[in-house]
Amino acid sequence: MIKTIHAIEGLSQWVGKAFGWCILILTLSVAYEVFVRYVLNSPTVWAFDMMVQMYGALFLMAGPYALAQDAHVRGDVLYRLFSVRWQARVDFVLYLLFFFPGMMALFWYGWEIASDSWRWQEVSWNSPARIQIYFFKTLIPVAGFLLMLQGFAEIMRCYLAMRSGKWLPRLDDVHETEDMLMHADDTQPPSSDNGK
């Protein structure tokens, strides 16, 4: 079971990192558009659509990555006071009642949206460039599927925590600077000068 959890988390991490390159593309396209618009007075017709698609792709495909890293925002005023077993029970129930129905809807309706878009070879009507958007709309059901897959790993993680009373460690990846600073004292050897 642990190998399955880590395999799914590894896939979510890989997809998140791969789509993280959208940030670079987005940054370069914005910089290019600003330069040609304000310095050369020759704006592009494609930059806006491409920026929207890059941001949308990043937003959709970062979801499974964030879930695998436990990086989504959590209202944990009471949750953090619970024992690990109770945290796992709460998470388990919430995944079943809210997460999976929402992700199944994202996958199901996203599939319909993407298939209609492919059928009509849909293009953007926001700009004169008329960029194809059916490739982008395909990411909607893909994101729904990957989120359900990662949700399955989270359910297994909850099951293990309910049995053992401790959370399975996540695959290591990048960390927020503030998290590293908070835990920096945990890794330092005790000082021998008694606080002097």
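The values are calculated or read from the model by the stated rules, or taken from the named source; none is laboratory data. Just so it is clear, the model here is predicted, and its values are computed rather than measured. A quick note on method: Cβ atoms are made from the backbone with ideal geometry, for glycine too, and the neighbour counts reach across all protein chains shown.
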Subset of segment 116-165 that is outside any helix (DSSP H, G or I) and among the small types (Gly, Ala, Ser) - its residue that is modelled with the highest pLDDT: Gly165
Which listed residue, of Glu112, Glu178, is part of a helix (DSSP H, G or I), of a type in the set (Asp, Glu), modelled with pLDDT under 95 and over 19 Å from Gln13 (Cβ atoms): Glu178
Residue within segment 116-131 that is among the small types (Gly, Ala, Ser), free of Cβ contacts under 8 Å to residues at least 60 places away in the same chain and under 21 Å from Ile8 (Cα atoms) present: no
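Yes/no matrix, rows are residues, columns are (1) of a type in the set (A, V, I, L, M); (2) surrounded by 11 or more Cβ atoms within 10 Å (Cβ to Cβ):
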site	(1), (2)
Gly16	no, yes
Ile23	yes, yes
Val52	yes, yes
Phe59	no, yes
Leu81	yes, no
Leu96	yes, yes
Tyr109	no, yes
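What about Trp125, is it of a type in the set (Phe, Trp, Tyr), surrounded by fewer than 13 Cβ atoms within 10 Å (Cβ to Cβ) and under 30 Å from Leu24 (Cβ atoms)? Outline the logic, then answer.
On the way: of a type in the set (Phe, Trp, Tyr): yes; surrounded by fewer than 13 Cβ atoms within 10 Å (Cβ to Cβ): yes; under 30 Å from Leu24 (Cβ atoms): yes.
The answer is yes for Trp125.
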Count - residues of segment 73-95 that are farther than 15 Å from Gly151 by Cβ, part of a helix (DSSP H, G or I) and touching a residue at least 12 places away in the same chain (Cβ under 8 Å): 4
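Yes or no: segment 16-24 includes at least one residue that is of a type in the set (Val, Ile, Thr), closer than 15 Å to Ala143 by Cβ and either at pLDDT below 90 or part of a helix (DSSP H, G or I) (or both). Don't jump to the end; show me each part of the working.
Filtering segment 16-24 for residues of a type in the set (Val, Ile, Thr) gives 23.
Cutting the leftovers down to closer than 15 Å to Ala143 by Cβ gives us none.
No, segment 16-24 has no match at all.
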Residue satisfying condition, being more than 16 Å from Glu154 (Cβ to Cβ), modelled with pLDDT of 90 or more and of a type outside the set (Phe, Trp, Tyr), within set Val93, Val84, Val34: Val34
Search result, residues across segment 132-161 that are more than 14 Å from the chain's Cα centre (by Cα), among the aliphatic types (A, V, I, L, M) and surrounded by fewer than 19 Cβ atoms within 10 Å (Cβ to Cβ): Ile155, Met156, Leu160
Filtered residue count, segment 162-174, keeping only those that are closer than 25 Å to Ala62 by Cα and touching a residue at least 12 places away in the same chain (Cβ under 8 Å): 5
Among (1) part of a helix (DSSP H, G or I); (2) surrounded by 12 or more Cβ atoms within 10 Å (Cβ to Cβ) - the single one Pro101 does not satisfy: (2)
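Residue under question is Tyr65, and the condition is that it be in contact with a Gly (Cβ under 7 Å, 6 or more places away or on another chain) and either of a type outside the set (A, V, I, L, M) or in a helix (DSSP H, G or I) (or both); does it hold?
On the way: in contact with a Gly (Cβ under 7 Å, 6 or more places away or on another chain): yes; either of a type outside the set (A, V, I, L, M) or in a helix (DSSP H, G or I) (or both): yes.
The answer is yes for Tyr65.
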